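What follows is a short report on a single structure.
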Amino acid sequence: MLKVTFNNGNPAFYTSLKTAVDRYFKQNGKRKTGNIQLYSKSILLILLAGCLYSILLVAPMTPVLRILVSLVFGFVLACIGFNIMHDANHGSYSSRKWVNETLGLTLNALGGNSFIWKQKHNIIHHTYTNIDGVDDDIAKSPFIRMCRSQQWVPAHRLQHLYTPVLYALSSMIWILFQDFEKYFRRKIVDRPLPKMPVSEHVIFWISKIFYLLFYIAIPIVLTGWQSWLLFFLCMHIGLGLTLSIVFQLAHVVEETTFDSASGDAKQIENEWAIHQVNTTANFSADNRIISWFVGGLNYQIEHHLFPRVSHVHYPALSRLVQAECNAFHLPYNTLPTFKSAVNSHFRFIRMLGRKP
């Protein structure tokens, strides 16, 4: 396994930043976990998802209406992932461990697996962000070339055109293939998957069975296979597009940097926190509506620096992070609007599609 290390001998930037952030929470008497706004939003999103699912099963509707409701249902599932699952699996939703572990299983309710996701996301992605050869989030080759160090193939000339289609299919591929591939290979890219306790094996298989039951079997029985197919495809299009776009805007844009790792060892020249700042970007920071739906993941710089702090605090922390970045002469990558971030992402993808 490739060993990647950071220059953490004198982490001056993160030490100064953490001091400022800890001071903020102490002076304002706030906990770093969620609050009533997050809890009420969670209830609303879960109820909305339940209502939409029930309507799709029992209400007569035209194909066009079924398509629209299924797309919205997929979008709401993504919002549950952003707001509830994401905070819970980072341990930042609540100060109570059992609450985080229970709500982390909302990922399993969407079809994924929280144990595998924690290894892939919390440990690998958050440690080795944008390091080709280690970070699974940019390991889409040969289908999508996401950084210059990845091998180019002729099909990449068109990747800016077909990438949205792959994004639309991504949640289906993740749930029906990639989880099983990681489960049986016991690896995420080159990193071994830790040994799963018996309870996690049981949860994995029960979750997959419930996915087949609630997203395939019951809808087919109640609506027929044609209506189910329309629902299933459109739900995943809404879910996959939403998840992919939001997460890709955080790292795969023109403003961020990449590194690559091969051989036996790789030394990153910066401390870990500076690496996070260089490889991450915010978008639509002033848009409260987008922040509400995406669970603060438009503040990805703050999230990567403080993943165990709930997203409800990111707007306030962003001022502190930006001030520290200025003091240490570091970039603070932020795109003003959602549109500008999407444009930056696809310009970057198109540029990478050209033959080197």
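The values are calculated or read from the model by the stated rules, or taken from the named source; none is laboratory data. Because the structure is a prediction, the values reported are computed rather than measured. Every residue, glycine as well, gets a Cβ built from its backbone with ideal geometry; the counts of neighbours run over all protein chains shown. Areas reflect the complete protein model, heavy atoms only, side chains present, ligands, DNA and RNA absent. Shrake-Rupley method; radii C 1.70, N 1.55, O 1.52, S 1.80 Å.
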Return the total of residues in region 199-229 being open to solvent by 40 Å² or more (accessible area, probe 1.4 Å), of a type in the set (V, I, T) and farther than 15 Å from A109 by Cβ.
3
Would you confirm whether or not region 138-159 contains a residue that is part of a helix (DSSP H, G or I), surrounded by fewer than 16 Cβ atoms within 10 Å (Cβ to Cβ) and among the hydrophobic types (A, V, I, L, M, F, W, C)?
yes
Tell me which helices (runs of 4 or more DSSP H) are completely within region 260-356 and hold 2 or more residues being charged (D, E, K, R), or say none if there are none.
314-327, 338-352
Helices (runs of 4 or more DSSP H) completely within region 36-97 that count 2 or more residues being under 17 Å from C234 (Cβ atoms), open to solvent by 10 Å² or more (accessible area, probe 1.4 Å) and touching a Ser or Thr at 6+ places or on another chain (Cβ under 9 Å)
36-58, 63-80
Tell me, yes or no, whether region 62-76 has at least one residue that is more than 30 Å from L229 (Cα to Cα) and basic (K, R).
no
Considering only region 288-306, state which residues are farther than 23 Å from G240 by Cα and either in contact with a strand residue (DSSP E or B) (Cβ under 7 Å, 6 or more places away or on another chain) or open to solvent by 10 Å² or more (accessible area, probe 1.4 Å) (or both).
F306
On the given criteria, is I173 outside any loop (DSSP other than H, G, I, E, B), of a type in the set (V, I, T) and under 29 Å from N298 (Cα atoms)?
yes
If I ask for residues that are under 12 Å from V277 (Cα atoms) and surrounded by fewer than 18 Cβ atoms within 10 Å (Cβ to Cβ), which ones from region 307-325 would you list?
Q322
Within region 241-287, residues of a type in the set (V, I, T) and either under 25 Å from S16 (Cβ atoms) or open to solvent by 50 Å² or more (accessible area, probe 1.4 Å) (or both) come out as T256, T257, I268, I274, V277, T279, T280
Going by the conditions given, is L68 closer than 30 Å to A327 by Cα and in contact with a Cys (Cβ under 9 Å, 6 or more places away or on another chain)?
no
